[in-house]
Amino acid sequence: MDQIQTAPAPSGPIPVGNIEGMKQHLRFDLLSGFLVFLIALPLCLGISLACGYPAIAGIFTAIIGGIVGATMSNSELTIKGPAAGLIVIAIGCVTEFGFTGGTNPDADYQAYRLALGVGVAAGIVQILFGVLRAGILAELVPTSVIHGMLAAIGIIIIAKQFPIMMGLSAKGEPLELLMEIPRFIAELNPKIAFIGVLSLAVLATYPFIKLKALKAIPAPLIVLMIAIPYAYTFNHHEYQVGPNYLVNVPLSMSSAIAFPDFSGVFTGIGIKYVISFALIGSLECLLSAKAVETFDPWKRKANLDRDLTAVGIGNTAAACIGGLPMISEIVRSKANVDNGARTRFANLYHGMFLLLFVALLPGLLNKIPLAALAAMLIFTGFRLAAPAEFMHVYHVGKEQLLIFLSTVVGVLAIDLLVGIAIGILVNILVHIANGAPLASLFRLHHEEEPVQEGTLRLSVKHAAIFPTWLALRKKLHEHFGKYPNVDLDLSQTRLVDHTVMSRLQEMQTDLAAKNQTLTISGLDDHQPLSHHKAAARKKKVVTSGPPNGSSFPQ
């Protein structure tokens, strides 16, 4: 994953997304909303088509996402809309419901309506997650499993979109499509492939542009500014850029509205994808919202349960009119911050700009080459599955790379949920191999005692690992309600895993901002499994003496 650079908090009052804040920060939020709209427009279209939905579906989702994000969530800088991370689930859903990829339009439309029914049900489940305060469950999934899931999604996006970028159509499983890449190159449509490769080159070189005037234009917009004129200026007889290679949206938004068919919700396929959309969508949404908090200049914290409820409401509404599932999208959210947004009304404005564009200039959308959109998605997929991500996990620990790769292979070879389950199972086996007792998988063993005024010592026994992290987190928060300082003694643990180490470090940072202190002790007799500051720690020698103070390496 890309390393996110945080900025120091600006001086002055913290912007709040209420009516007064809406007026006060209008010029900042309006400008950012417009610039994010320029980024979102092609991505919404491309993600929709990659999901097997009509192109306009992503626009519906972003418009509704802007409304619910501004009115129902308090996540100030996130942008709600369709995301590449859900492509794998969406295309799997419509495919299993009979999607043919254009061969049979009637079957494709019915598969789409059945998927909308699943989307409504999944949105309702997400609302229940939020009401029941299940947002905390995002912290239970091991870090390397999450990264493996995202990397696998990136690889699948590349595999699915590469033939489209080459001007071809192809079906098959991701691993099959990857093996077919040499054939796709050999059989490419020169005209279409040139548009796709040129678009990809623009996206890849954009970060190195130094010219401020050019840098002010979002990369996706530059791609469209090049791809659209090229497609219509340099047509050759043999390889014309015909309608089959261009986006196709209705000239009237009202005619594009589609209503869900609920007859597939309680079938085996329907139940499978309700669970997939609800669980994976919620996980991605919560992780994105937490990530946005780290680069919010004012370090504002969102109520994740409220945010999840808002997304569930948005997903239910979007699916009722033909839209894709939505999440808090990380790339557009980061652009929102970089463009100077102050409150969540920037999300609303980006949706309103999309609505105006589609209402007033729908014909322009039909001039966008599909190859350019495929290139944008391939670039997004590469960022999710970049070699640097594999190296990052390796540096965290070789055992983490094993968990990461197990998840990737499981997702690619079987499906998303099974791949995640495989990654979690491998993680558990790694813990057992490193000395974690079986009992520590199901229960947090601990003792607690006040050691001096204002300080409590919480001693964890046997292991501090991801299955019991929620219990440990709950205990820590309970004690910080009574004490300003907590000493977490890990001297009696055989293993402290990477997920717990990273979560504890995040908690230390959050508590420091509240003038509270979480001290970690008892790790001197533990061997880090790598040089990474959040590496897992394994007990070297079992000792009975008093623990020595220890702190995380800087």
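The values are calculated or read from the model by the stated rules, or taken from the named source; none is laboratory data. Quantities reported herein were computed from a predicted structural model and do not represent experimental measurements. Cβ: placed from backbone, ideal geometry, glycine included. Neighbour counts: every protein chain shown.
Determine, yes or no, whether Ala346 is buried (at least 23 other Cβ atoms within 10 Å of the Cβ), modelled with pLDDT of 95 or more, assigned by TED's automatic domain parsing to the domain that holds Thr71 and not in a helix (DSSP H, G or I).
Details: buried (at least 23 other Cβ atoms within 10 Å of the Cβ): yes; modelled with pLDDT of 95 or more: yes; assigned by TED's automatic domain parsing to the domain that holds Thr71: yes; not in a helix (DSSP H, G or I): no.
Judged against the criteria, Ala346 is not a match.
Of all residues being more than 13 Å from the chain's Cα centre (by Cα) and among the hydroxyl-bearing types (Ser, Thr, Tyr) in region 261-298, which is farthest from Glu96 (Cα to Cα)? Just the residue, please.
So the residue we want is Thr294.
Scan region 146-161 and report the pairs whose first residue is touching a residue at least 60 places away in the same chain (Cβ under 8 Å) and within 18 Å of Val418 (Cβ to Cβ) and whose second residue is among the polar types (S, T, N, Q) and buried (at least 24 other Cβ atoms within 10 Å of the Cβ), with Cβ atoms within less than 6 Å and a gap of 6+ or a chain change.
Going by the 6 Å Cβ cut-off, the qualifying pairs are Gly148/Thr407; Met149/Thr407.
Of all residues in region 19-36 being surrounded by 24 or more Cβ atoms within 10 Å (Cβ to Cβ) and touching a Phe, Trp or Tyr at 6+ places or on another chain (Cβ under 7 Å), which is farthest from Lys334 (Cα to Cα)?
Asp29
Taking the condition farther than 30 Å from Gly363 by Cα, at pLDDT below 90 and not aliphatic (A, V, I, L, M), does Glu293 pass?
Numbers: farther than 30 Å from Gly363 by Cα: yes; at pLDDT below 90: yes; not aliphatic (A, V, I, L, M): yes.
Taking the combined requirement at face value, the residue satisfies it.
Which of the residues belonging to region 431-468 are within 12 Å of Leu488 (Cα to Cα) and surrounded by fewer than 11 Cβ atoms within 10 Å (Cβ to Cβ)?
Answer for region 431-468, where residues must be within 12 Å of Leu488 (Cα to Cα) and surrounded by fewer than 11 Cβ atoms within 10 Å (Cβ to Cβ): just Glu449.
For region 183-214, give me each residue that is in a helix (DSSP H, G or I), surrounded by 13 or more Cβ atoms within 10 Å (Cβ to Cβ) and not hydrophobic (A, V, I, L, M, F, W, C).
Within region 183-214, Arg183, Lys191, Gly196, Ser199, Tyr206 qualify.
Among the residues in region 388-396, are any under 30 Å from Leu41 (Cα atoms) and surrounded by fewer than 16 Cβ atoms within 10 Å (Cβ to Cβ)?
Of the residues in region 388-396, the ones under 30 Å from Leu41 (Cα atoms) are 388-389.
Right, trim to surrounded by fewer than 16 Cβ atoms within 10 Å (Cβ to Cβ) and you get 388.
There is at least one residue in region 388-396 that is under 30 Å from Leu41 (Cα atoms) and surrounded by fewer than 16 Cβ atoms within 10 Å (Cβ to Cβ).
Where the second residue is modelled with pLDDT of 90 or more and the first is basic (Lys, Arg) and lies in region 235-264, which pairs have Cβ atoms under 6 Å and are six or more apart or on separate chains?
Pairs found: none.
Examine region 92-112 for a residue that is within 28 Å of Arg306 (Cα to Cα) and either touching a helix residue (DSSP H, G or I) at 6+ places or on another chain (Cβ under 7 Å) or surrounded by fewer than 24 Cβ atoms within 10 Å (Cβ to Cβ) (or both), and state whether such a residue exists. It would help to see each step written out before you state the result.
Here is the first cut: in region 92-112, the ones within 28 Å of Arg306 (Cα to Cα) are 93.
The next check asks that each one be either touching a helix residue (DSSP H, G or I) at 6+ places or on another chain (Cβ under 7 Å) or surrounded by fewer than 24 Cβ atoms within 10 Å (Cβ to Cβ) (or both); those that pass are 93.
Checking region 92-112: at least one residue is within 28 Å of Arg306 (Cα to Cα) and either touching a helix residue (DSSP H, G or I) at 6+ places or on another chain (Cβ under 7 Å) or surrounded by fewer than 24 Cβ atoms within 10 Å (Cβ to Cβ) (or both).
Of all residues in region 423-461, how many are among the hydroxyl-bearing types (Ser, Thr, Tyr) and in a loop (DSSP other than H, G, I, E, B)? Show your work before the answer.
Taking region 423-461 as the starting set, the residues that turn out to be among the hydroxyl-bearing types (Ser, Thr, Tyr) are 440, 455, 459.
Still in the list and also in a loop (DSSP other than H, G, I, E, B): none.
Total satisfying the criteria: 0.
Can you tell me which of Gly117, Gly172 is under 20 Å from Leu49 (Cα atoms) and without any contact (Cβ under 8 Å) to a residue 60 or more places away in the chain? Please lay out each step first, then the result.
Details: Gly117 fails: without any contact (Cβ under 8 Å) to a residue 60 or more places away in the chain.
Of Gly117, Gly172, the one residue that is under 20 Å from Leu49 (Cα atoms) and without any contact (Cβ under 8 Å) to a residue 60 or more places away in the chain is Gly172.
Going by the conditions given, is Phe382 in contact with a helix residue (DSSP H, G or I) (Cβ under 8 Å, 6 or more places away or on another chain) and surrounded by fewer than 22 Cβ atoms within 10 Å (Cβ to Cβ)?
So Phe382 passes the test.
Examine region 314-328 for a residue that is within 28 Å of Ser169 (Cβ to Cβ), part of a helix (DSSP H, G or I) and in contact (Cβ under 8 Å) with a residue 40 or more places away in the chain, and state whether such a residue exists.
The answer is yes, given that some residue of region 314-328 is within 28 Å of Ser169 (Cβ to Cβ), part of a helix (DSSP H, G or I) and in contact (Cβ under 8 Å) with a residue 40 or more places away in the chain.
Please tell me if Pro54 is closer than 23 Å to Tyr245 by Cβ and surrounded by fewer than 19 Cβ atoms within 10 Å (Cβ to Cβ). Spell out how you get there, then give the answer.
On the way: closer than 23 Å to Tyr245 by Cβ: yes; surrounded by fewer than 19 Cβ atoms within 10 Å (Cβ to Cβ): no.
Against the criterion (closer than 23 Å to Tyr245 by Cβ and surrounded by fewer than 19 Cβ atoms within 10 Å (Cβ to Cβ)), Pro54 does not qualify.
Could you check how many residues of region 457-472 are over 18 Å from Arg503 (Cα atoms) and touching an Asp or Glu at 6+ places or on another chain (Cβ under 6 Å)?
Number satisfying all stated conditions: 1.
Just to check your reading of the model, which residue among Ser263, Ser282 is out of contact with any Asp or Glu (no Cβ under 8 Å at 6 or more places or on another chain) and surrounded by fewer than 16 Cβ atoms within 10 Å (Cβ to Cβ)? Walk me through how you get there before you give the answer.
On the way: Ser282 fails: surrounded by fewer than 16 Cβ atoms within 10 Å (Cβ to Cβ).
Within the list Ser263, Ser282, the selection yields Ser263.
Taking region 509-532 on its own, how many of its residues are modelled with pLDDT under 95 and among the hydrophobic types (A, V, I, L, M, F, W, C)?
Result for region 509-532: 3.
So which of Leu360, Leu355, Leu308, Leu364 ends up being of a type outside the set (Ser, Thr, Tyr) and closer than 30 Å to Ala201 by Cβ?
Testing whether each residue is of a type outside the set (Ser, Thr, Tyr) and closer than 30 Å to Ala201 by Cβ leaves just Leu364.
Look at region 483-517 and say how many of its residues are part of a helix (DSSP H, G or I) and either crowded, with 17+ Cβ neighbours inside 10 Å or not charged (D, E, K, R) (or both).
Filtering region 483-517 for residues part of a helix (DSSP H, G or I) gives 498-512.
Next cut, either crowded, with 17+ Cβ neighbours inside 10 Å or not charged (D, E, K, R) (or both) only: 498-505, 507-509, 511-512.
Matching residues across region 483-517 total 13.
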